[in-house]
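The values are calculated or read from the model by the stated rules, or taken from the named source; none is laboratory data. The shown structure was predicted, so the numbers you read here are calculated from the model rather than taken from an experiment. Cβ placement follows ideal geometry from the backbone for every residue including glycine, while neighbour counts extend to all protein chains displayed. Ligands, DNA and RNA are excluded from the accessible area calculation, which covers all protein heavy atoms including side chains. Shrake-Rupley method; radii C 1.70, N 1.55, O 1.52, S 1.80 Å.
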Amino acid sequence: MAAMPLLEKDHAVSVRTFKFYTHLSLPVGAAVSLAFAPFNLWPLAILCFSFLFLAWEDATPKQAAQRGFLFTAGTYLAGTYWLYHSIHTIGHAPFLLTMFVMVALVAIMAAYTALVGYALKRWIPGQGWIRWLLVLPGAIVILEWFRGWFLSGFPWLALGYTQTDTWLAGLAPIGGVYTVSLAVTLCAGALVAIVLGNKNIRIAAASVIGVLWLVGLAFHGKEWTQKTGEPISVAIVQGAVPQEMKWAEAQRDKTIELYRGLTRKHLGTDLIIWPEAALPGLSYELSDVLSEEWTAAHAAGSALVLGQVHYDPDEQVYFNAVLALDKEPQWYAKRRLVPLTEYFPTLPAWLTSWLRSMELPYSGFKAGIEDPPPLDAAGQKLALTICYEDAYASEQLDVLKSATLLVNVTNDAWFGDSTAAHQHLQISRMRALEAGRQLLRAANDGISAIIAANGVVEKTFPRFEPGVLTGEVQPRIGLTPYARVGNWPVIILSFLFLAAGCWPLLVRRKNRD
C-alpha cells in the first residue's frame, strides 16, 4: 500500500509535464518566426528546437505527434500571416475561404512534423546521445528537405535562413541552406544533451557546438569564386505601384510613364532592371512601348531586363516571364508557379470554377522549361528567378556553371507592409552565399537590393517609394562546393544520422539470435 502514494505522485508529475509541453508547443513554435528577418533573433531557432526535442523526450508516439503539430503550426501561423493580405485584401477572396486556405497550408506543414514526431517515438529506438546528436537533427533536416519539394513544395522558413548574419552562414557555400539547418539542429540537440546527459556526454555536446561555430567562422567570408572582367554599373528601377492600382485601366499609362521616366534618367548604365510584371499588360499589347524602350536603351549602351507577362500565340498560353533586351530579345519563363494563384493544381471542375469565381489572384500561367540557360545582357550571363522561386536553391545549380550574376525580380506588394518582403530578402541573401555571386533584386515596392557574393546587403532602396537603386557589381565565375554537389551530401548524412537510431534495435535482434 505504501507504493500507492508514490504511483499517484508519479502520475501527477506526468500529467503536469504533459500539460507543460503541450500548452507551450504552440507559442514556442510561434517564437521560431522571430528568428527570421526582420527580427533576426537567431538564437531562438536553436532554443525553440531544443524545447521541441525535450517535448519529444518522454512522450508517447501520440503525444509526440500532437506536440510536433502544435509547434510547427505556431511557426507557420506567425511566419506566414501575410498570406491574409494577399488572398483577402488584394485577391478579394471571402474571409472564410481565406481562412480555409491559410489553415490548410499551416495544417499541411504541421502534419509533416507530427508524422516525424510519431515515427521517431514509434520506430526509432535510439536514446541518449545518439538520439540528441544524430537522430533528431537528421530527422528535422530530412523534414525540411522533403517539404521543400513534395507536392510542389513550400521551402519557406527553413531554419538555415535564420543564420545569414552569424558564423554558421560560412557553411552555406559548402553545403547549402540545409547544411546550415543541420548545424542549427545539432546545436539544439547538443543543448538537450547538456541538460539531460552525464558528464562525458555534456563535454561532447559542448564540443559539438564549439566545433560547428569554429568551422563556420573558418569559412566565413571565404571567397569560393573568382572575379571575371571589370565591374559593371547597374540601375534597379522600383516603381512602387500599389497592387490595388497596378492593373486598373486608368493606371496603365501612368505606370508606363513612371517606368519610362525613371529609366531615362539612368540610360547609359550597363544594366537596367525592372521588377516582376512591371508594366500592366501582355507583351504583345505593349510591343510599341517595349520597342521604344529597347531603342533608347540600346542607343545609350544599356541593356534592359524587365519582368513582363508574356503570351505565346502558338501555344495559346501565358507565362510570368522576364524579357532581356540587349543585342536581341530573350525570354525567361518562371518555372515554379504558386499553387492557387498562378495556377490551379488538378482539382474537380466544380471546385476550380468556384475558386476562380472567388476573385483569387489567379493568372493561369504555364511553367517555363526546366534548366533554362542564362540570359545574355550587358556582356553578362544572368541567372534569373522570378518571385519566390528563388527559394528553390537546388533548381538553380545547373545555370551557375555559366552565370556571372544572379537576378531576382519580384512583386512583394501582394503582402503589404509585412514581414514577407524581409523574409524573401533573407532567402535571396542565402542564394548569393550558396552561389558565390552577387545578386540583384528588383522588387516592385521593395525590398530592392544589391547583395554581395558573401550574402551581405550592400545597398537597398526605401520601401513603397518610386526610385532607382544604383551601384556597381562584380561578375564572378567558378563554383562553390555546394554548386558542385547540391543537397545530396547533407541529405545522405542526415539519413545516416537517422539510421544510427535503429542500431540498438539491430543489436538486440542480433543478441536474440
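Some notes on this structure:
- Scanning the stretch 390-424 for residues that are out of contact with any helix residue (DSSP H, G or I) (no Cβ under 9 Å at 6 or more places or on another chain) and of a type in the set (A, V, I, L, M) yields Val399, Leu405, Val407.
- Among the criteria (1) in a helix (DSSP H, G or I); (2) touching a residue at least 12 places away in the same chain (Cβ under 8 Å); (3) more than 30 Å from Gln127 (Cα to Cα), the one His88 does not fulfil is (2).
- Scoring Leu157 on the criteria (1) part of a helix (DSSP H, G or I); (2) over 19 Å from Leu54 (Cα atoms); (3) touching a residue at least 40 places away in the same chain (Cβ under 8 Å); (4) among the hydrophobic types (A, V, I, L, M, F, W, C) leaves a single failure, condition (1).
- Subset tally (residues that are open to solvent by 40 Å² or more (accessible area, probe 1.4 Å) and either more than 16 Å from Gln426 (Cα to Cα) or in contact with a helix residue (DSSP H, G or I) (Cβ under 6 Å, 6 or more places away or on another chain) (or both)) for the stretch 25-52: 9
- Matching residues in the stretch 166-224 - criterion: being surrounded by fewer than 24 Cβ atoms within 10 Å (Cβ to Cβ), in contact with a helix residue (DSSP H, G or I) (Cβ under 8 Å, 6 or more places away or on another chain) and part of a loop (DSSP other than H, G, I, E, B): Thr166, Gly197, His220, Gly221, Lys222, Trp224
Yes/no matrix, rows are residues, columns are (1) buried (at least 21 other Cβ atoms within 10 Å of the Cβ); (2) without any contact (Cβ under 8 Å) to a residue 12 or more places away in the chain; (3) touching a Lys or Arg at 6+ places or on another chain (Cβ under 8 Å); (4) not in a helix (DSSP H, G or I):
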site: Leu54; (1), (2), (3), (4): no, no, no, no
site: Phe71; (1), (2), (3), (4): yes, no, no, no
site: Tyr81; (1), (2), (3), (4): no, no, no, yes
site: Tyr84; (1), (2), (3), (4): no, no, no, no
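- Thr263 vs. criteria surrounded by fewer than 18 Cβ atoms within 10 Å (Cβ to Cβ), part of a helix (DSSP H, G or I) and at pLDDT 95 or above: no
- The residues listed here are Gln127, Gln66; of these, the one that is closer than 23 Å to Leu157 by Cβ and among the polar types (S, T, N, Q) is Gln66.
- Unique match (being of a type in the set (Asp, Glu), in contact (Cβ under 8 Å) with a residue 40 or more places away in the chain and surrounded by fewer than 20 Cβ atoms within 10 Å (Cβ to Cβ)) among Glu276, Glu292, Glu315, Glu285: Glu315
- Check on Ala303, in contact (Cβ under 8 Å) with a residue 40 or more places away in the chain, more than 30 Å from Gly148 (Cα to Cα) and over 27 Å from the mean Cα position of the chain (by Cα): yes
- Output for the stretch 410-434, where each listed residue is in contact (Cβ under 8 Å) with a residue 60 or more places away in the chain and over 15 Å from the mean Cα position of the chain (by Cα): Asn411, Ala413, Trp414, Phe415, Gly416, Ser418
- When residues in the stretch 85-115 are screened for being in contact with a Gly (Cβ under 6 Å, 6 or more places away or on another chain) and of a type in the set (A, V, I, L, M, F, W, C), 1 of them pass.
- Test: residue in the stretch 15-27 that is farther than 28 Å from Gln163 by Cα and β-branched (Val, Ile, Thr): yes
- Count of residues meeting criterion [of a type in the set (S, T, N, Q) and closer than 18 Å to Val184 by Cα] in the stretch 106-149: 1
- Condition check for Lys254 on (1) open to solvent by 40 Å² or more (accessible area, probe 1.4 Å); (2) closer than 22 Å to Thr404 by Cβ: one failure, at (2).
- Listed by position, the helices (runs of 4 or more DSSP H) enclosed by the stretch 415-513 that each have at least 2 residues that are at pLDDT below 95 and of a type outside the set (A, V, I, L, M) are 503-512.
- From the options Ala449, Ala442, Ala435, residue that is buried (at least 17 other Cβ atoms within 10 Å of the Cβ) and closer than 29 Å to Phe146 by Cα: Ala435
- Qualifying positions in the stretch 452-481 - under 22 Å from the mean Cα position of the chain (by Cα) and in contact (Cβ under 8 Å) with a residue 40 or more places away in the chain: Ala453, Asn454, Gly455, Phe461, Arg463, Leu479, Thr480, Pro481
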